[in-house]
Amino acid sequence: MKFSYNWIRELVEGLDAAPGPLEKLITMKTAECEGIERAGDLLERACAARVDTVEPLPGGHNVVAVVDAGRYGRKTVVCGAPNCRPGLITAYVPVGKKVVGGVESDGMLASGAELGINRDHSGVIELDSQVGAPLPGCVPDSVIEIDNKSITHRPDLWGHYGMAREVAAISGRRLKDPVDMSLLPQGPGAIKVEVEDFALCPRYSALVIENIEVRPSPLWLQARLTAIGLNPINNIVDMTNYIMAEISQPMHAFDAALLRGDTIFVRRAKPGEQFHALNEEHYELGPTNVVIADAGGPVALGGVIGGMESAISDGTTKIVLESANFQASSIRMTSSGIKLRTDASMRFEKAQDPANTVRGLARAIELLREISPGMRIVGGVADAAKAIPAPAPIPLPLDWLERKLGRAMAPAEVRRILESLEFEVKDAGRHTFSVTPPSWRATKDVSIKDDLVEEVGRMIGYDSIDPKAPLIPSVVPPGNPERKFQHELRDLFVDLGFTEVYNYSFTSEEAVRAFGLDAGAHMRVANPIASDQELMRASLLPGLWKNVAENAKHRESFRIFEIGYEIHKRSAELPDEIPHAVAAIYDRNGDGAAGLFEIKRVVECLLPGAEVCPAEARPFEHPARSADILWRGETAGRMFELHPRLVESGRAAILDLDLRTVRRLSVADFKYAPIRRYPSSAFDLSVITGLREQAGKLEASLASFAGPLLESVQFVRQYSGPPLEEGRKSVSFRLTVGSPERTLSSEEVGDIRARIIEGMRGLGYDLRV
Amino acid sequence: MLEQSIQELESGSQRRIQSASSLEELEAVRVEVLGRKGALDQFFKQMGKLPPDERSRAGKILNSCKQALEGALEARKQAFADAALRAKLDREWLDLTLPAPGPRRGHLHPITRIQRELEELFASLGFTVLDGPEVETEWRNFDALNIPLDHPARDMQDTFWLDGGNLLRTHTSPVQVRGMERLGPPLRMIAPGRVFRNESVDASHEHTFYQLEGMMIDRDVSVAHLLYFMKTLLTAIFKRDVTVRLRPGYFPFVEPGFELDIKCLICGGAGCPVCKQGGWVELLPCGLVNPNVLRMSGIDPEEWNGFAFGLGLTRLVMMRYAIDDIRQLQGGDVRFLEQF
């Protein structure tokens, strides 16, 4: 929202703060200012000038004009405007001399856009002033831009008068009301208004005015609208925009001749009802939309935009002026529903003050007298309104206020501040005020005493509050074991050489397909930002895959990991978010075996005692290199080599751990076992078997035959080649046996060994002993 | 006579010991002189034939000769051993400028680093760290935070909606609601985490970023307390004294609401490009918790109140490491990540 400094100064008596300091005060006490822009700087020195002669300048569209520029004298200027002609009164600005097309041009003739009066740059501005006179009512301005987000709760700050009230309160000056209510005509309205549902439209006021002349607005009005970013159109439309920008009351003017019947209906749109809006768009409406209709159908979309068919044109002589109030949520819904935000809808969705409708009409009468001097009011104000309850008083205990702010407050100071913002303050017993907010703050903004803390706090200045340590009991905060666990895991990964990546929670159908996953099983984003981010990741692997592919372009080898959440659809209120840790070891060289065994080492570091059980490969896994990770009897994750078809060159070994399972299993409590006092005995056994026999299985079989005295089985080495036959390998293990109670005799050890050999042979294995 | 012969043996043997060039040569001398049928042994045998007074004298001389030779032999042997060890160790010369094998320590993500730093800081002040899901209900993300459906503040946060009506949390504030529901008052909590806004990505905008939400609920919590905590925390975060100021800011879940600025750490408030010449840098939104928010989470606002704040974790990380492109953080490029 842009605010004209000149405008605010008109409304605050004796305001002497310059725009810069004023901007800082507003930022500290009311709303965030985003900066100050200058507007209409050329107006400072511009004056009306008459074009005396015009000579074409060879080689272009420019002409050489000699003008009578009043106090600046006769000047020769080069001008490119098509409307530059002898006798024209236009604006001359002494901007200095320069040579254009070999001719010295002294100063310039300016267009409306260059002067900052309007957006017309089709030619130089055409005036009807005295030569040498300044442009009437047009002076340079400073425009203060306020961050819209910081005034979403303040319906009153969407107009200059509201901001002027703040400035008056801040600077201790008097506020001038631009509205003269005595101008409103008495008697019944000249048009009937029927409001179907006052909940949607709490008030609809209208006034009929005839003998209107539609023409461009006076320059001062154009300049003011232009300065705050509005586009001057004609005097009637500009007048409604001016009032909106001044007192935050959106208004609309219908061409009375184009309205059918004698009644304005404010009603819900019928299902599928068509509406042709002023922006030339056609909308199909429904019962959630409020329309302003005549006997023939919708003529405006209430609180959002007027209709094309009843719009003001150059030939309009009689208007119906609408000044209404609409329910904020309905406007917000309509506006977001048809994806059209207008200056009107933006204001109405902040919950405007219904008391303001007739103020808008009064202000219109005053402006119309100047900008369409022959106008005549027909009848009185048509005013359909539900009874609007007076704002409820809020009890404000002063000691409570002090406790909230954390500083002492003199009651007189509290009263002064609230009254300067036009709150009504009454004594209500010991150390308590009864505070009634003004109507423009009562629609939504101020309703509880906490709201008053803000009013007092910001005006007294938060910098007047000294930081103070609270007196609170010291307690050990409840822990977050999940987060702690994840942090420990991160440290482990980092110690093992992995670098942490963060990937988006989104994934694409393409990535999901590349992994052979079911896109339909993923949660879908209804309004994705891009087509490759339309699904919620149900696996961290596609993201990691992308990291591998990208980094492989720059690095021969690397290790990365991520801890994040898989998001799975389920029937509960929210999806299941399962923490996972994924890791990759990439190497451009080698056959991938080293990476996989390194991943296995990582598994053994993270999950001591975990078993790696080869399992059937999923579509994205190397068909002969994938395994489940079993820990404490449960599947806790997976390790595999990424299918070489997914990796351009090199190999990527991958780990994927389900951290929910891992953490659940890792909390097991344990007690120490005494160190054995009796020596153990060890012996080696070699099993001759087929090449693809798993060492893990052999180890398990050996252990099963060894009995309770077995301490450990350790893989020693494996060998294939002569003298073994083709397709056979020898796998050697060292078995350690012992007892906590005694030293085993060599006979006992021999018995165990014999039992194992017999058992293994029973399974069909050949043993080299 | 005997005496002289012993002296001759000793001096001769000493010469041979000193000039021995190998352990073998040395051993030969030992066997010849000190061995069991060696030269000294011969003298000992002759000694028996001497008269008693001469015998004891000769015994002394012989013993001293024996000790001297044994000592010399031992010393010489040690010298050989030392030399052998020296030679062996010299052959073990290593080029320590060669790179060490094996992987280097990896790197934590910069957000993890700063987030942990803050978690530890808050924990030391008695705050618990809470988590919430990335997918939230509309109720917890908006309604329970005093942002009903028709509230224009919903436009302040472009929301990612999921099929089925849930959404990706637009701030970490729903974790406040979870914290109040689960732990109740008094409560001191932070919630660092990933949040989502539906906006296009460029060097300074991301649809996915990190926030750290904080909240304290107790009795009679004031603006002065909020200021104290913010100043304490920011001083710890920036590792230097910071000057803070509050100015009005609008957030539906707090009343009054503030924007907290810190005096520019680069120029000290004089004005520079970092603070856009203003002397102050907008850092975080905060405020006293709106009583409606407390009430919706089942807390009686007449008995309890509190403050809440939201720290832009991603922004803090970018400030700390002077990262000028936010996209790096989720880009997964190890050339970037290995710097942390």
Candidates A:445, A:466, A:451, filtered to the one that is touching a strand residue (DSSP E or B) at 6+ places or on another chain (Cβ under 7 Å) and surrounded by fewer than 22 Cβ atoms within 10 Å (Cβ to Cβ): A:451
Counting only residues that are part of a loop (DSSP other than H, G, I, E, B), within 36 Å of the chain's Cα centre (by Cα) and within 24 Å of residue B:228 (Cα to Cα), how many does the stretch B:271-312 have? 2
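Listed here are the residues, each with its yes/no results for (1) surrounded by 14 or more Cβ atoms within 10 Å (Cβ to Cβ); (2) more than 14 Å from chain A (Cβ to nearest Cβ); (3) touching a Leu at 6+ places or on another chain (Cβ under 9 Å); (4) under 28 Å from residue B:339 (Cα atoms).
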site	(1), (2), (3), (4)
B:77	yes, yes, yes, no
B:83	no, yes, no, no
B:90	no, yes, no, no
B:94	no, yes, no, no
B:114	yes, no, yes, yes
With crowded, with 20+ Cβ neighbours inside 10 Å and either within 14 Å of chain B (Cβ to nearest Cβ) or in a strand (DSSP E or B) (or both) as the only criterion, which of A:584, A:594 stands out? A:584
Would the stretch A:630-650 turn up any residue that is more than 41 Å from the chain's Cα centre (by Cα) and surrounded by 18 or more Cβ atoms within 10 Å (Cβ to Cβ)? yes
Look at the stretch A:334-371 and say how many of its residues are more than 12 Å from chain B (Cβ to nearest Cβ), outside any loop (DSSP other than H, G, I, E, B) and of a type outside the set (Ser, Thr, Tyr). 18
Hey, among the residues in the stretch A:533-557 that are assigned to a loop (DSSP other than H, G, I, E, B) and within 8 Å of chain B (Cβ to nearest Cβ), which one's surrounded by the most Cβ atoms within 10 Å (Cβ to Cβ)? A:555
Members of the stretch B:283-340 found to be of a type in the set (S, T, N, Q), more than 9 Å from chain A (Cβ to nearest Cβ) and either closer than 30 Å to residue B:203 by Cβ or without any contact (Cβ under 8 Å) to a residue 12 or more places away in the chain (or both), listed by number: B:314, B:328, B:339
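Do the conditions hold for residue B:143, that is, is it among the acidic types (Asp, Glu), in the same structural domain as residue B:186 (by TED's automatic domain parsing) and within 30 Å of residue B:331 (Cβ to Cβ)? Full working, then the answer.
Working: among the acidic types (Asp, Glu): yes; in the same structural domain as residue B:186 (by TED's automatic domain parsing): yes; within 30 Å of residue B:331 (Cβ to Cβ): no.
Considered against the rule, which asks whether it is among the acidic types (Asp, Glu), in the same structural domain as residue B:186 (by TED's automatic domain parsing) and within 30 Å of residue B:331 (Cβ to Cβ), residue B:143 comes out as no.
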Can you confirm whether the stretch A:146-153 contains a residue that is buried (at least 18 other Cβ atoms within 10 Å of the Cβ), of a type outside the set (Val, Ile, Thr) and at pLDDT 95 or above? no
Listed residues A:212, A:233; which is part of a loop (DSSP other than H, G, I, E, B) and free of Cβ contacts under 8 Å to residues at least 12 places away in the same chain? A:233
Is at least one residue of the stretch B:111-131 in a loop (DSSP other than H, G, I, E, B), of a type outside the set (A, V, I, L, M), assigned by TED's automatic domain parsing to the domain that holds residue B:169 and under 30 Å from residue B:208 (Cβ atoms)? yes
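If I filter the stretch B:155-172 for residues that are assigned to a helix (DSSP H, G or I) and either within 29 Å of residue B:109 (Cβ to Cβ) or modelled with pLDDT of 90 or more (or both), do I get at least one hit? Write out each step before concluding.
Residues of the stretch B:155-172 that are assigned to a helix (DSSP H, G or I), as a first pass: B:155-156.
With the extra rule that they be either within 29 Å of residue B:109 (Cβ to Cβ) or modelled with pLDDT of 90 or more (or both), the set shrinks to B:156.
Yes - at least one qualifying residue is present in the stretch B:155-172.
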Please give the number of the condition residue B:169 fails out of (1) under 30 Å from the mean Cα position of the chain (by Cα); (2) in the same structural domain as residue B:253 (by TED's automatic domain parsing). (1)
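With respect to residue A:81, is the statement that it is within 14 Å of chain B (Cβ to nearest Cβ), outside any helix (DSSP H, G or I) and either under 29 Å from residue A:342 (Cα atoms) or of a type outside the set (Asp, Glu) (or both) true? Break it down stepwise before answering.
On the way: within 14 Å of chain B (Cβ to nearest Cβ): no; outside any helix (DSSP H, G or I): yes; either under 29 Å from residue A:342 (Cα atoms) or of a type outside the set (Asp, Glu) (or both): yes.
Judged against the criteria, residue A:81 is not a match.
Count, please, the residues in the stretch A:314-333 that happen to be part of a loop (DSSP other than H, G, I, E, B) and closer than 21 Å to residue A:190 by Cβ. If you could, list the steps in order and put the result at the bottom.
Of the stretch A:314-333, the ones part of a loop (DSSP other than H, G, I, E, B) are A:314-318, A:326-327.
Keeping just the survivors that are closer than 21 Å to residue A:190 by Cβ gives A:315-318.
Going through the stretch A:314-333 one residue at a time, the tally reaches 4.
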Top-ranked residue in the stretch B:169-186 [being more than 15 Å from residue B:137 (Cβ to Cβ) and either of a type in the set (Asp, Glu) or out of contact with any strand residue (DSSP E or B) (no Cβ under 8 Å at 6 or more places or on another chain) (or both); ranked as farthest from the other protein chains (Cβ to nearest Cβ)]: B:184
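The values are calculated or read from the model by the stated rules, or taken from the named source; none is laboratory data. Everything numeric in this text was worked out from a predicted model, so none of it was measured. As a convention, Cβ positions derive from the backbone with ideal geometry for all residues, glycine included, and neighbour counts pool all protein chains shown.
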